[in-house]
Amino acid sequence: VSGASLVTSAPCSNSRGADEGSDANGLYVCSARAYNGKNVYRLVEGLDADIMWELRWESGLDWGATDLGKLTGLSGKPKWVLYGNGHYRYFVVSSADEPPRSGWQARNQFNTDYDCATGTINVAQERVR
């Protein structure tokens, strides 16, 4: 993941200190079929390695599916989400087996509720051999 720009002021303040060196950018590790039957990708960060970021697919009654994008007609649609440090930060409407490389939206006051991120993120896939 690259390009993440997080908003760390209330109400989207971090659960852990913002100066712990955690920004959601980096190389995520795959956990096969770990959530809703799809892969979950995790990044552990922070000074004490105590902040976990997840790229995961949410559908049905998951908060990401029901609430992210609700102000722009995207409520109830399955989405890949970037969640971590206490908040949903980015999302993209998709039912793909893997998180899309582009098209990610920041959670903000215009599409959901609060400004929790800005800009967009890029997701690159790297295969380990």
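The values are calculated or read from the model by the stated rules, or taken from the named source; none is laboratory data. Just so it is clear, the model here is predicted, and its values are computed rather than measured. All Cβ positions, even for glycine, are placed from backbone atoms using ideal geometry, and neighbour counts span all protein chains on display. What goes into the accessible areas is simple: the full protein's heavy atoms, side chains included, and nothing from ligands, DNA or RNA. Shrake-Rupley method; radii C 1.70, N 1.55, O 1.52, S 1.80 Å.
Annotation: per residue accessible area for the chain equals 52 Å², rounded to a whole number [probe 1.4 Å, protein chains only]. Sites counted here are chymotrypsin sites (Phe, Trp or Tyr not before Pro) in a DSSP loop (not H, G, I, E or B) having no more than 15 other Cβ atoms within 10 Å; the longest part of the chain that contains none of them is 1-109.
The amide H of residue 35, built 1.01 Å from its N in the peptide plane, has 40 as neighbours under 5 Å, considering only residues 5 or more places off or on other chains.
Computed from the coordinates I sent, log10 I(q)/I(0) by the Debye sum over Cα atoms at q = 0.09, 0.13 Å⁻¹ equals one of [x] -0.23, -0.48; [y] -0.29, -0.58; [z] -0.55, -0.81. Tell me the label. So the structure-derived entry is [x]. Dividing the helix sum by the residues of the chain, where each DSSP H run of 4 or more adds -39500 (n - 2.57), gives a mean residue ellipticity at 222 nm of -500 deg cm²/dmol. To put it simply, the accessible area of the chain at a 1.4 Å probe is 50 percent carbon and sulfur. Cysteines in the chain that lack a partner Cβ within the 4.7 Å cut-off: 30.
Ranked from the most accessible area to the least, with a 1.4 Å probe and all protein chains present, what is the order of 12, 30?
Numbers: 12 0, 30 65 Å².
Ranked from most to least accessible, the order is 30, 12.
Distant-in-sequence amide contacts of residue 85, defined by a placed amide H-H separation under 5 Å and a gap of 5 or more residues or a different chain, comprise 52.
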